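Undergrad: This is the structure I have questions about; it appears just below.
The values are calculated or read from the model by the stated rules, or taken from the named source; none is laboratory data. All values reported here derive from a predicted model rather than from experimental measurement. A quick note on method: Cβ atoms are made from the backbone with ideal geometry, for glycine too, and the neighbour counts reach across all protein chains shown. Surface areas here come from the heavy atoms of the whole protein model, side chains and all, with no ligands, DNA or RNA. Shrake-Rupley method; radii C 1.70, N 1.55, O 1.52, S 1.80 Å.
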Amino acid sequence: SPSLLLVPVCCVVAAPAPLPSAQEVLARAKAAAGGAAWDRVTHVSSRAWLVTGKLKGELEELECVVDGRNVSRYDMGSLRGANGYDGRTGWSQDATGDVRREPVEKPATQNYWLMRAYWYPARCPAETRHLGVREQHFHVLAITPEGASKPFEVWVDGRTWLIDRVVVSERGRSEVTFFRDYREVGGVKLPFRTESPKGGPDHDARTEYRSIVVNGPLPKDAFAVPELRLTDLGIEGG
């Protein structure tokens with residue numbers, strides 16, 4: 001009878017590729033968003049539509065990515081005002097024009113995201129950890145800026161290597177901001193739409209940018225605290 005030869009079969013299972021470090025993920029994200037072109041960015045100005053629930057209005061922003069100075073003005077009809085940071089003091093302005101100065105204890109920590117300090121740690125050191133891959137292709141990083149009490153999460157899309165969202169947890173609740181519609185401006189890629197779901201259409205927030213300018217004209221007093229000028233009163237009899 002014919003003999004039966006038993007040939008052993010060896011199955012080779014490839015080991016999963018090691019996860020890139022948090023610094024490698026951030027380096028890829030910077031390269032995807034413009035790489036060295038970001039080294040030349042000093043400030044970014046923008047105009048946008050701001051939609052919150054049933055309200056829609058205009059938003060103007062000016063951000064200095066080098067030191068965190070910033071100013072934003074919004075007008076949504078029944079709700080309007082402004083706020084900013086001049087390098088020493090934070091401030092807010094209500095619809096009547098009244099200005100309130102608000103001390104900023106940890107400006108670098110507060111403005112960490114604005115300054116893109118995740119790419120430029122000299123602007124604000126931070127502890128960064130890679131938490132793993134979620135939803136198949138998103139690299140999730142936990143970043144705790146120096147002086148912050150807790151981390152926030154940055155989700156980087158492993159297909160495009162662009163930042164997809166930021167998750168901030170406060171008092172047991174998580175607020176998510178998604179970054180959409182990336183376009184190239186001045187050699188760098190910036191999102192032209194942000195979305196912040198807040199539990200329903202009456203509360204969701206969305207920003208739709210109409211224009212973004214990188215390193216545009218910058219007035220000398222662009223970040224100065226507004227001065228209140230009263231024009232509706234006088235002293236009777238001189």
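Undergrad: Rounded, prolate or oblate: which fits segment 109-205, taking a ≥ b ≥ c as square roots of the Cα gyration tensor eigenvalues, rounded meaning a/c under 1.5, else prolate when a/b beats b/c?
TA: rounded
Undergrad: Pick out which of GLU153, GLU184, GLU227 has the largest mean-square fluctuation in a Gaussian network model of the chain, springs linking Cα atoms closer than 10 Å.
TA: Among GLU153, GLU184, GLU227, the largest GNM mean-square fluctuation belongs to GLU227.
Undergrad: Continuing with the same structure: Angle, helix 22-32 long axis vs. longest principal axis of the chain, Cα atoms, 0 to 90°, nearest 10?
TA: That works out to roughly 70 degrees.
Undergrad: Right, here's the next one. Please enumerate, by chain and number, the aspartates and glutamates with C-alpha under 14 Å from the C-alpha of LYS106, excluding those fewer than 8 residues away in the same chain.
TA: ASP67, ASP86, GLU146
Undergrad: Which order do the peptides 91-103, 128-140, 56-68 take when ranked by the mean count of other beta-carbon atoms within 10 Å per residue, highest first?
TA: 56-68, 128-140, 91-103
Undergrad: Out of [x] 1.36; [y] 1.08; [z] 0.94, which label holds the value of Cα Rg over 2.2 N^0.38 Å that was computed here?
TA: Given [x] 1.36; [y] 1.08; [z] 0.94, the calculated one carries the label [x].
Undergrad: Can you list the lysines whose alpha carbon sits under 19 Å from that of LYS189, skipping same-chain ones fewer than 8 residues off?
TA: Answer for LYS189, where 19 Å is the Cα cut-off: LYS30, listed by chain and number.
Undergrad: Ok, one more. For the chain, report the accessible area per residue in Å² (1.4 Å probe, heavy atoms, rounded to an integer).
TA: With all protein chains present, the chain gives 63 Å² per residue.
Undergrad: Once you charge only the Cβ atoms, +1 for Lys and Arg and -1 for Asp and Glu, what is the size of the charge dipole of the chain about its Cα centre, to the nearest 20 debye?
TA: Dipole magnitude for the chain comes out near 560 debye.
Undergrad: Going by the alpha-carbon gyration tensor, a ≥ b ≥ c the square roots of its eigenvalues, is segment 153-222 rounded (a/c under 1.5) or, if a/c is not under 1.5, prolate (a/b greater than b/c) versus oblate?
TA: Prolate, because a/c is 1.5 or more and a/b exceeds b/c.
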